[in-house]
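Take a look at the structure below.
The values are calculated or read from the model by the stated rules, or taken from the named source; none is laboratory data. Just so we're clear, the structure is a prediction, and the values are computed from it rather than from any experiment. Don't worry about glycine lacking a Cβ; one is built from the backbone with ideal geometry, like all the others, and counts go over all protein chains shown.
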Amino acid sequence: MNICENLEKIRQTVPERVTLVAVSKTKPIEDLQQAYDAGQRVFGENHALEMRDKHQALPTDTQWHFIGHLQTNKIKYIISFVNLIHSVDSLKLLKEINKEAAKHNRVVDCLLQFHIATEETKFGLDYDEARQLLESEEYKNMENVNIVGVMGMATNTDNMALVRSEFRSLKAIFDKLKSEFFAQKQDFAQISMGMSHDYPIAIEEGSTMVRVGSAIFGARNYAKV
Ligand SMILES: *Cc1c(COP(=O)(O)O)cnc(C)c1O
């Protein structure tokens, strides 16, 4: 299977209302270009410098989503072009994104990342932390960030009933945030959930954005990079 055929197959399973983010981390420019030539425009990366280099190499209508843990000292490498940051997990990070975005006169779209997996992973807010963030004066004064939804990762397991319940919990968080904080905000509408092995379930549970890597580009070989 090549990238073009993989994309074609996946597109048939992703409804039009759901954005397909092609997760191209660790993959060479040629692979991204192949996906681009097959019509893919939205790419997801999780390292700032790698994303900057790929941004410089791909056509200018490519859209770049940052999906990994973002260190505050790396924001500057991507802030001038990034289209969506999926992984905001603290007020401190949001503050820095706001500050850097202001330097470029941009308002940058962001998602709040939630910890929904039962397994211990390092990153992601819980509801109370998100509430504190959204109720803070600091957040209310930010003019260069725009929160447009939520993101989460399910437990890495074959237990699809567990995965489904975790996706369902993210949808519930989204609904609650929407009614408590964003009722008047039309563009608070994104639920980023679902990866190669679980995206069909995520779509059934309300995902608006799936982040698919290996099913498009093949397995990643971390030893090579
Ligand atoms: C790598 C990654 C993906 C894609 O994973 P696949 O299993 O290759 O589809 C999705 N989301 C995040 C946050 C990732 O880091």
Quick one: how many residues across region 7-39 are buried (at least 17 other Cβ atoms within 10 Å of the Cβ) and closer than 19 Å to Pro200 by Cβ?
9
When Arg220 is evaluated against the numbered criteria (1) in a loop (DSSP other than H, G, I, E, B); (2) of a type in the set (Lys, Arg); (3) farther than 30 Å from Glu16 by Cβ, which criterion, by number, is the only one it fails?
(3)
Filter region 128-145 down to the residues that are surrounded by fewer than 16 Cβ atoms within 10 Å (Cβ to Cβ) and farther than 20 Å from Ala183 by Cβ and list them by number.
Glu137, Glu138, Asn141, Glu143
Taking Val145 as meeting all but one of (1) within 26 Å of Ile201 (Cα to Cα); (2) touching a strand residue (DSSP E or B) at 6+ places or on another chain (Cβ under 7 Å), write down the number of the exception.
(1)
Please enumerate the residues belonging to region 1-39 that are without any contact (Cβ under 8 Å) to a residue 40 or more places away in the chain, closer than 19 Å to Tyr199 by Cα and within 16 Å of the ligand (Cβ to nearest atom).
Lys9, Arg11
Scan region 170-197 residue by residue and report those that are more than 27 Å from Lys25 (Cα to Cα) and either touching a residue at least 40 places away in the same chain (Cβ under 8 Å) or in contact with a Leu (Cβ under 6 Å, 6 or more places away or on another chain) (or both).
Ile173, Lys176, Leu177, Glu180, Phe181, Asp187
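Against the condition within 24 Å of Leu32 (Cα to Cα), crowded, with 19+ Cβ neighbours inside 10 Å, under 16 Å from the mean Cα position of the chain (by Cα) and modelled with pLDDT of 95 or more, how does Val210 come out, does it pass?
Numbers: within 24 Å of Leu32 (Cα to Cα): yes; crowded, with 19+ Cβ neighbours inside 10 Å: yes; under 16 Å from the mean Cα position of the chain (by Cα): yes; modelled with pLDDT of 95 or more: yes.
Criteria met by Val210.
Output yes when any residue across region 198-205 is within 11 Å of the ligand (Cβ to nearest atom) and either part of a loop (DSSP other than H, G, I, E, B) or over 15 Å from Met151 (Cβ atoms) (or both), and no when none is.
Within region 198-205, the subset within 11 Å of the ligand (Cβ to nearest atom) is 198-199, 202.
From what's left, either part of a loop (DSSP other than H, G, I, E, B) or over 15 Å from Met151 (Cβ atoms) (or both): 198.
Yes: one or more hits.
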